[in-house]
Every structure is written in structure tokens, then in C-alpha cells.
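FYI, it's all coordinate maths here, none of it is from the lab. What you are looking at is a predicted structure, and each value in this text was computed from that prediction instead of being measured. Ideal geometry is used to build each Cβ from the backbone, glycine not excepted, and the neighbour counts take in all protein chains shown.
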Amino acid sequence: MPSIEKLLHFLSSAFISAAGVAVLAYGMSTYWAESTLRCSPTNTDFFNGTAKLKITLFNGTEEKISCPRFDKLGESVEVFNRLKTHGEAPVILHCLVVALLAVALLGSAGSILITLYNSFSNPYETYMGPVGLYACSGLSACVATLALILYVLNVYPLQMIQALVLAKEKDVKLQNEETNLHVGFFLLIPYICANLIAILVVFVYVHTAHTRRKEQEKPTEDAPQDIMMF
């Protein structure tokens with residue numbers, strides 16, 4: 001029967017990983033960015049129209065006023081379809097961001113299963129031991145961090161929001177007035193922290209248990225040789 005200390009550490013790690021999954025799942029379903037753009041027909045530089053977009057990873061809404069000629073309020077935005085129409089780097093990076101987040105969720109699922117397994121068994125010498133947890137949670141934290149960086153790169157330098165507008169309106173010029181990241185993006189940060197804390201909780205237990213075991217072995221190691229012969 002596992003000790004109470006071991007149960008507390010491993011079950012706490014599993015709970016933290018599960019909380020991280022819930023945070024990321026909610027983040028992937030809510031808004032990630034919002035932007036207000038100024039519009040002008042391609043043959044002029046008179047930016048009197050506006051386009052406002054608010055998007056999740058998969059869809060969103062768009063409002064256009066005189067962009068370029070007619071008003072369109074509450075128009076649906078299918079992010080992948082529009083980016084595929086526009087082509088080039090934004091669609092590639094956006095696909096990569098979503099793929100990385102899927103890998104992060106898979107890694108978190110692996111870490112939860114491993115910690116639950118370790119709560120009631122003792123497979124320390126195999127990949128199903130703490131090493132497996134370190135690998136799964138570490139992978140999740142790393143790919144989520146990479147997804148965070150790539151999304152910022154896609155929204156700002158590569159102007160993904162502008163690409164979403166231009167996929168529908170070919171005869172406009174755009175000026176980026178304001179782009180803000182939303183809660184879905186920022187929830188990556190507590191998700192990353194949850195994975196690191198899950199690793200730390202188990203590492204503390206493993207380190208403590210290893211230190212305790214070494215201390216128990218010291219009297220035998222330090223005993224005189226003539227005593228050890230009997």
C-alpha cells in the first residue's frame with residue numbers, strides 16, 4: 001500500500017495537470033485576438049472605413065463599415081477557410097499553433113495517466129515512472145510555449161488579422177489601428193505553469209525519498225569491515 005505522502009504528491013500532480021487541461025480546453029474555445037482596422041479602396045488613400053474582427057482559434061465575428069463600400073454587421077469568420085483562401089505564411093503558422101496545442105493536450109493526458117498509475121504502484125525504473133511524467137509534462141510546457149510565440153508572430157509581424165479581411169475583400173487597403181490579444185491566448189501561461197508545477201510536485205517527492213533512502217543506507221556503508229564479515 002503506498003504511503004500517504006506518496007499519494008498526496010502524485011494525486012496532487014495529477015490534479016494540477018487536469019486543471020491545466022481544463023484551462024487550455026477553455027482557452028482554445030474562447031477569443032484569442034481582437035483588431036480594429038482602417039479600410040480604403042485600393043485606388044485611393046482615404047481610410048474612412050473600418051473592419052473589426054474578434055476571433056477564436058477556429059471562428060469569430062466581423063463587422064465592416066464602409067469597407068470598402070457596404071456595411072456588414074455580425075458576419076461569421078471561419079478562420080481556417082479564410083486563411084486557406086489567402087494562403088501564404090499565416091495559414092501555415094496557424095495550423096502549426098493548433099497542432100502544437102493538440103500535442104500539449106496529448107502530453108497532459110499522458111502525464112495524468114502516469115501520475116495516477118504511480119500513485120498506486122512503483123514503476124520507478126521504467127518510462128512509466130516519474131521520468132515519463134517529466135517527459136510528458138515537459139513536452140506539454142515546451143510546445144505550449146512555442147505555440148504562444150508563433151501566435152504572436154502570426155498576429156503581429158505576419159498580420160494574420162489583415163489576411164482574414166483580405167480573404168473576403170480583395171479591393172481594399174488596410175491600416176492596422178489596434179490589435180489586442182484576448183483571454184484565450186493568455187490562458188496558455190497558467191497552463192504552462194501548471195505543467196511545471198506538476199513536475200515540481202513529483203520531483204520533490206522523488207528527491208526526498210531518494211535522500212531518505214541514502215540516509216538509511218549510510219550506517220551499513222560506514223560499518224567497519226570486520227563487522228561486515230559476520
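Derived scalar couplings between HN and Hα for the range 77-87 equal 10, 9, 4, 5, 5, 5, 5, 5, 5, 6, x Hz in order, rounded to whole Hz, by the Karplus curve 6.51 cos²θ - 1.76 cosθ + 1.60 (θ = phi - 60°), x for Gly and Pro. Residue-wise HN-Hα couplings along the range 100-110, as the Karplus relation 6.51 cos²θ - 1.76 cosθ + 1.60 with θ = phi - 60° gives them from phi, are 5, 5, 5, 5, 4, 5, 5, x, 5, 4, x Hz; Gly and Pro carry x. Rg and Dmax, both from the Cα atoms of the range 129-224 and both in Å, are 24.3, 90. With the charge dipole of the range 4-203 set up from +1 on Lys and Arg Cβ and -1 on Asp and Glu Cβ about the Cα centre, the Cα lying farthest toward the positive end among the listed residues Val172, Pro90, Ser12 is that of Val172. Judged by a Cβ-Cβ distance under 4.7 Å, the unpaired cysteines of the chain are Cys95, Cys136, Cys142, Cys193. Residues Lys72, Lys54, Lys214 in ascending order of nearby Cβ atoms (within 10 Å, fewest first): Lys214, Lys72, Lys54.
The convex hull around the C-alpha trace of the range 44-163, projected and averaged over every direction, spans 9.6 square nanometres.
Springs between Cα atoms under 10 Å define the GNM used for the chain, and in it the highest mean-square fluctuation of Ala198, Ala19, Ala147 occurs at Ala19.
Over the range 169-217, the pair-distance histogram of Cα-Cα distances with 5 Å bins from zero comes to 4, 14, 11, 10, 10, 9, 9, 7, 6, 5, 5, 3, 3, 3, 2, 1 percent, rounded to whole numbers.
Once the cut-off is 26 Å, how many percent of the Cα-Cα pairs in the range 4-203 end up in the long-distance tail? That tail contains 43 percent of the Cα-Cα pairs. With Rh defined as the Kirkwood radius, the inverse of the mean 1/r over Cα pairs, the Rg/Rh of the range 115-165 is 1.37.
When Lys170, Lys84 are sorted by how many other C-beta atoms sit within 10 angstrom of their C-beta, beginning with the fewest, the order is Lys170, Lys84.
The ellipsoid equivalent to the alpha-carbon distribution of the range 1-79 has semi-axes of 50, 10, 7 angstrom, derived from the gyration tensor eigenvalues as √(5λ) and listed largest first. Each Lys and Arg Cβ is given +1 and each Asp and Glu Cβ -1; about its Cα centre, the chain then shows a dipole of about 520 debye. For the range 4-203, the number of Lys pairs with C-alpha atoms closer than 28 Å, counting only pairs eight or more positions apart or on separate chains, is 24.
Extension gain for Glu178-Thr85 works out to 31.1 nm (0.36 nm per residue, less the C-alpha to C-alpha distance).
Taking the chain as a Gaussian network of alpha-carbon nodes connected by springs under 10 Å, the highest mean-square fluctuation of the residues His94, His207, His182 belongs to His207. With springs connecting C-alpha atoms under 10 Å apart, model the chain as a Gaussian network and identify which of Gln216, Gln175, Gln162 has the largest mean-square fluctuation. Looking only at Gln216, Gln175, Gln162, the biggest GNM fluctuation is shown by Gln216.
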